[in-house]
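We did not get these values from a lab; they are worked out from the coordinates using the rules stated. Not measured: the values here are computed from a predicted model. Methodologically, a virtual Cβ is constructed for each residue, glycine included, from the backbone with ideal geometry; neighbour enumeration extends over all protein chains shown.
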There are 2 protein chains.
Amino acid sequence: MPLDQRKKQILQAIVDDYVSTAEPVASNALIQRHDFRVSSATVRNEMSDLEQMGYLEQPHTSSGRVPSDKGYREYVDSLMKVDTLTDAEGEEIRRRLSESFDELAGLLKKASSTLSEQTGYVSLAITPRLRKSYLKQLKMMMIEPGKVLVVVVLSAGIVKDRLVRIPDYLTPEQLSRISSAIEVGLYGKPLEEISLVTVASAAKDSQLPDSLLNQVLYEAYTAIKQADNLEVYMDGTNRMLSLPEFSNVSKARTLFDALAMDGIVSGYVNELSMENEKASYMIRIGQEISIGGLSDCSFITTTYNVGDKIAGNIGVIGPKRMEYSKVISQISFIRQVINHQLEEIKALNGG
Amino acid sequence: MPLDQRKKQILQAIVDDYVSTAEPVASNALIQRHDFRVSSATVRNEMSDLEQMGYLEQPHTSSGRVPSDKGYREYVDSLMKVDTLTDAEGEEIRRRLSESFDELAGLLKKASSTLSEQTGYVSLAITPRLRKSYLKQLKMMMIEPGKVLVVVVLSAGIVKDRLVRIPDYLTPEQLSRISSAIEVGLYGKPLEEISLVTVASAAKDSQLPDSLLNQVLYEAYTAIKQADNLEVYMDGTNRMLSLPEFSNVSKARTLFDALAMDGIVSGYVNELSMENEKASYMIRIGQEISIGGLSDCSFITTTYNVGDKIAGNIGVIGPKRMEYSKVISQISFIRQVINHQLEEIKALNGG
DNA sequence: TTTAGCACTCGATGATTGCGAGTGCTAAAC
DNA sequence: GTTTAGCACTCGCAATCATCGAGTGCTAAA
C-alpha cells in the first residue's frame, strides 16, 4: 500500500514537528499547528495506519508518535520542502571561507567550523583522496647529515612533507640524484600505482649503488604514500551534549567514543561517497549507518572536487531528528564555495 | 591551630576514601576501613573540627564529609603517600614511548595517549616553548613559480615548515639569496629576539632591491614566528563522561567547552610552568585553577626538557577527586622517558 | 579525653494518588 | 464509505506521604 496524499502530508508534518520539539507528536497538536481540514480523530486513524506501515513509532501507548528510520527516509526522499539560504547566510559563509584562501588544510578547517556553527551539529571535513593524482615533484632536502625533509608535490597543487632519517654518510648530491631520478621516473604516475617496486626501479636511474639506494627508497616511498592519508577535521562535537537525545551521559559517551575512533567515521563517509559518485549529497539515517554508537544519528555528506579526478568529503552528523533540508542547503552551499576556492587555488598554481 | 597528628591521619584517610568511592565519608565507614584506635564518636569530633578549619565540607547535615579544596591541598602537600610504579607499568610505558622515536610530534602524541590510558584521566602534551632556541637554517624551496615552502630548522633539531605564496616573478636564485642572507644574519639569534625588523636588516645583505625583498620578508618572518606556536595534544576527554562528577550533561558540556577552547588550557599550563621553574611537578586544585569551567577539576603538570633551555609540558586533568600520588608517579615517569628520548633525538641530530 | 547512647536531621526510596495528555474504539453524522 | 464526536482507557509524570536508615551532634558517664 503506497502512501496517499494525506498520509504523506501527515507524515511530513509529524517529522517537522518532532524535529523542532523533540517530543512525541500528538494528533491534537498536529491539527492545531497545521491546518488539515480534518479532525484529530481522523488524524489519529491515519497515524495508526502509518504506524502499522512502519513509518511511525509510539514510545508507549497513550503517547504521541515519533518517526521511525523508515519515516525519516520517506521524509528526506520525497516529503521535505527544500530550504534555501538567505542571502545574508550565504554571504556570511562566503566571507568566512574566503579568509583562508590559499591552503587546503586551512580551508577545510574553516569549512568544518563554519558548517558546524551554521547547522549546530557536528561537522566533518576530509582531505581529498589522492590516489588518482600524480607525483609532480619530489625533493629531498638535507637538513643535516642523516636527516632529510622529503617534500612531495602532487598534481592539483597539494604539497606534503615528512621528516625522515637516513644514513648520515649520504651526501646532498647523492640525495638529489636519487630524488630527481625518482621524480623523473614517477612523474605523471597516479599515487595508487606507486609501490615500493616502482620507486626502486625509478631510482635505478640515479646510477648509485644499491647499498646507498636501499636506505632511502623506503623513506621516499612512505613519504609519497603518506600524502594519500586522509585527514579529518571534526568540529562541534560538544554541541551534541545539549541535545535531549544525549542528555544521559552514557549515551553521550557511546557517541563520543564512536566519533573519536580515528578513521572509522571518515572511512565510512569515504565509502559512502565512492558508492554514490554522482549523487549531489548522501543521507544516512539511524540504523542505516553501520557504525556502532551512531545509530541514533544521521549523516549528511557531500563531495567537493578539484578538477574531475580529485575529491574529498564534507559532512554533518546530527541527531536523526535533524533539520534535514536546512542542513542540505547549507552543506551544498559550502561545497560550492569550497569547489570555487579550490579552483582558484589550482589556477594560482598554474595547473 | 595547626593540624595535630590524628587530624592529619583522619584527613588523609578521608581523602583516600573519597577518592576511591566518590561518596561522602562517614565516621563509621572510616574506623572500619582504617584502624584508628578510637571510636566513631571521637572521629566525629575530629571531623567536625576539620570542617570548622575548612578542610572538609558537608553536603548536608547528616551526611558524611567531603574534602574541600583546602583539604586536598593539605593532602597533596603533606599527607599523601607517594606511589611508585611497578616494574611492569614502567616497562609498559617505556615500551610504548620507544616506538615513535625520532620525531617530536609523534613522541608527544604517544606520550599523551599513554598518560591518559595509564591514569584514566585527560592528558595533555604541549610542544616546547622555543623562544629561547635559535634559528639554525632557513631554506626556501620553490615548488613552482609563486609558491614556496619555507623550512625553518631550529637548534634542538626542531624542523617546521610552511607553504607560502610570493610574487611569481621571483626566481629560485633570488629566493635562495634572500634565504641565505636571512639565515646568515639571524643564525644563533633566539626566536624571541627575531622581529620583522631584524629579518629585514638581515635580508639587506642579499643585495636585492627592496621591491623584491619586501614581498618575501613577511612570509619568512611569519614562517619563523610560527615555529614558536604551541601545539597541544589532548587525549582521553571522553573518560570524564564516566565520572560521577560529570554525570549530568550540562556539567559535562561546561567542562568539554573549556577543554576545547584552544589555547586556554595550554596557555594556563604554560604560565604555571614558568612560575614554577624549579618544581618537579605542579598541582592546581579546583578553584585554584583560574579557568572557567574547570573548577571541579585538578591539574597535575610537569615540564620536560631538551637541554637546559628548551622546555615543554605534559599534564593530567582529572576530577579533584583524583588519584594524586598515582598520577604523580606516572607523569613523573613519563616525563623522564620523554627527556631521555629527546636527548637521544638530539644526539642523533648531532645537536 | 574518650566514648556509649540517643535524639535528631535529612536524603533516598517506594507506595499511593491524581492529573492530564493522548490514544483507540464505537456509533452517529455526513 | 468517510469523517468525527464522544468516551473509556492507558500510562507517564508529578506531587504527596510515610518510612527507613545512614549519619551527625550532643550529653553525660567512664
Completion exercise
The lysines whose Cα lies under 23 Å from the Cα of A:K189, excluding any fewer than 8 residues away in the same chain, are A:K132, A:K136, A:K139, A:K160, A:K204, A:K225, A:K309, A:K346, B:K147
Practice task
Assign unit charges at the C-beta atoms only (+1 for Lys and Arg, -1 for Asp and Glu), then state the dipole size of the protein assembly as shown relative to its Cα centre in Debye, rounded to the nearest 20.
Solution key: 80
Problem - Contour minus Cα-Cα distance for A:S48 and A:T21 (0.36 nm per residue) - result: 7.6 nm
Completion exercise
Once the mean of 1/r over all distinct C-alpha pairs in region B:135-226 is inverted, the Kirkwood radius in Å reads 12.8
Problem - Compactness of region A:154-198, expressed as Rg and Dmax over alpha-carbon positions, Å - result: 12.5, 35
Fill in the blank from the handout: Neighbour-count ranking for A:V25, B:V76, A:V197 (other C-beta within 10 angstrom, fewest to most) reads A:V197, B:V76, A:V25
Handout entry: With Cα atoms, 0 to 90° folded angle of helix B:5-21 axis to chain B main axis
Key = 70
Fill in the blank from the handout: The answer for GluC sites (Glu not before Pro) in region B:253-312 that fall in a DSSP coil and have at most 15 neighbouring Cβ atoms within 10 Å is B:E277
Problem - Across the identical copies, how the B:E57 labels are spaced - nm, sorted shortest first, 7 Å along Cα→Cβ - result: 4.0
Exercise for the section: Sequence neighbours fewer than 8 away in the same chain don't count; with that in mind, list the lysines whose C-alpha is under 29 Å from A:K7. Expected result: A:K70, A:K81, A:K320, A:K326
Practice task
Above 37 angstrom, tally the Cα pairs of chain B and express them as a % of all pairs, no decimals.
Solution key: 35
Practice task
Using the 7 Å Cα-to-Cβ label point, sort the distances from A:V197 to its equivalents in the other copies shortest first and give them in nm to one decimal.
Solution key: 6.3
Handout entry: Nearest-ten-degree value, helix A:172-186 long axis tilted from longest Cα axis of chain A
Key = 50
Practice task
For A:E275, go 7 angstrom from Cα along the Cα-to-Cβ vector, then report the distances to that same point in the other copies in nm, smallest first.
Solution key: 5.5
Exercise for the section: Give me the distance in nm between label points sitting 7 Å out from Cα along the Cα-to-Cβ direction at A:S62 and B:H60, one decimal. Expected result: 3.1
Handout entry: Label-to-label distance, nm, for residues given as A:Q226 and B:S195 (7 Å Cα→Cβ offset)
Key = 3.7
Exercise for the section: Report the one residue of A:I126, A:M140, A:Y221 whose Cα lies farthest in the direction of the positive end of the charge dipole of region A:104-247 (charges on C-beta: Lys and Arg +1, Asp and Glu -1; origin at the Cα centre). Expected result: A:I126
Handout entry: Relative packing of peptides A:83-93, B:206-216, B:173-183 - highest average C-beta neighbours within 10 Å first
Key = B:173-183, B:206-216, A:83-93
Problem - Between 0 and 90°, nearest 10: helix A:264-275 axis offset from chain A longest Cα axis - result: 90
Exercise for the section: Could you calculate the FRET efficiency of B:A279 with B:R33 from 1/(1 + (r/R0)^6), where r is the beta carbon distance between them and R0 is 30 Å, rounded to 0.05? Expected result: 0.40
Exercise for the section: Under 1.5 on a/c is rounded, so check that first for region A:5-79, then, if it is not, pick prolate when a/b is larger than b/c and oblate when it is not; a ≥ b ≥ c are the square roots of the alpha carbon gyration tensor eigenvalues. Expected result: rounded
Exercise for the section: Mind ranking A:28-40, B:250-262 by how tightly packed they are, going by the mean number of other C-beta atoms within 10 angstrom, highest first? Expected result: B:250-262, A:28-40
Exercise for the section: Between B:D205 and B:S98, with labels modelled 7 Å along Cα→Cβ, what's the label distance in nm to one decimal, could you check? Expected result: 4.4
Completion exercise
Averaged over the residues of B:131-140, the number of partner chain Cβ atoms within 10 Å of each residue's own Cβ comes to 1
Exercise for the section: Summarise the partner chain shielding of A:246-253 as one whole number: the mean count of Cβ atoms from other chains within 10 Å of each residue's Cβ. Expected result: 5
Exercise for the section: Please give the calculated 222 nm ellipticity per residue for chain A, where each DSSP H segment of at least 4 residues contributes -39500 (n - 2.57) and the sum is spread over every residue; nearest 500 deg cm²/dmol? Expected result: -14500 deg cm²/dmol
Handout entry: Cα convex hull of the protein assembly as shown - mean projected area over all directions, nm²
Key = 38.8
Problem - Label zone at A:T171, where the point sits 7 Å out along the Cα-to-Cβ direction: region A:129-147 residues whose backbone N lies under 20 Å - result: A:140-147
